[in-house]
């Protein structure tokens, strides 16, 4: 075995290691992006729920006036829930995350 054969072998191993590291970074970046995407739902839910009267969240009925004031918030909540269900069905939101989200509310 001469020097060039050894150099070729080292270069092949270094290339394989480089490809493995690049693949790991891609997987890690995808996981991070997925987490940020899922966390955006939490922020949206918190924003919407902040506009819904506490009594309603505790199961107490609202007056016609109170309901009229927060009807848009209820609509936004249900719309966001439907969007999330759609994304879960298409594996864009992990079911594990959905369980974590619903435990918070």
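The values are calculated or read from the model by the stated rules, or taken from the named source; none is laboratory data. This one's a predicted model, so the numbers in the text were calculated from it and none came from an experiment. Every residue, glycine as well, gets a Cβ built from its backbone with ideal geometry; the counts of neighbours run over all protein chains shown.
Residues checked against (1) in a helix (DSSP H, G or I); (2) at pLDDT 90 or above; (3) touching a strand residue (DSSP E or B) at 6+ places or on another chain (Cβ under 6 Å):
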{"residue": "20", "(1), (2), (3)": "yes, yes, no"}
{"residue": "23", "(1), (2), (3)": "yes, yes, no"}
{"residue": "26", "(1), (2), (3)": "yes, yes, no"}
{"residue": "34", "(1), (2), (3)": "yes, no, no"}
{"residue": "39", "(1), (2), (3)": "yes, no, no"}
{"residue": "48", "(1), (2), (3)": "yes, yes, no"}
{"residue": "52", "(1), (2), (3)": "no, yes, no"}
{"residue": "87", "(1), (2), (3)": "yes, no, no"}
{"residue": "91", "(1), (2), (3)": "no, no, no"}
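Condition first: outside any helix (DSSP H, G or I) and at pLDDT below 90. Can you find one or more residues in segment 1-18 that meet it?
The answer is yes; a qualifying residue exists.
With the condition kept exactly as written, say whether any residue in segment 8-20 is within 30 Å of residue 95 (Cα to Cα) and free of Cβ contacts under 8 Å to residues at least 12 places away in the same chain.
There is at least one residue in segment 8-20 that is within 30 Å of residue 95 (Cα to Cα) and free of Cβ contacts under 8 Å to residues at least 12 places away in the same chain.
Name every residue in segment 61-80 that is within 16 Å of residue 47 (Cα to Cα) and surrounded by 15 or more Cβ atoms within 10 Å (Cβ to Cβ), in order of residue number.
70, 73, 74, 76, 77, 80
Looking at (1) at pLDDT below 90; (2) touching a helix residue (DSSP H, G or I) at 6+ places or on another chain (Cβ under 9 Å); (3) under 30 Å from residue 33 (Cα atoms), can you tell me which one residue 76 breaks?
Of everything listed in (1) at pLDDT below 90; (2) touching a helix residue (DSSP H, G or I) at 6+ places or on another chain (Cβ under 9 Å); (3) under 30 Å from residue 33 (Cα atoms), residue 76 misses just condition (1).
With (1) closer than 19 Å to residue 34 by Cα; (2) at pLDDT below 90 as the list, and residue 56 as the residue in question, which single condition is left unmet?
(1)
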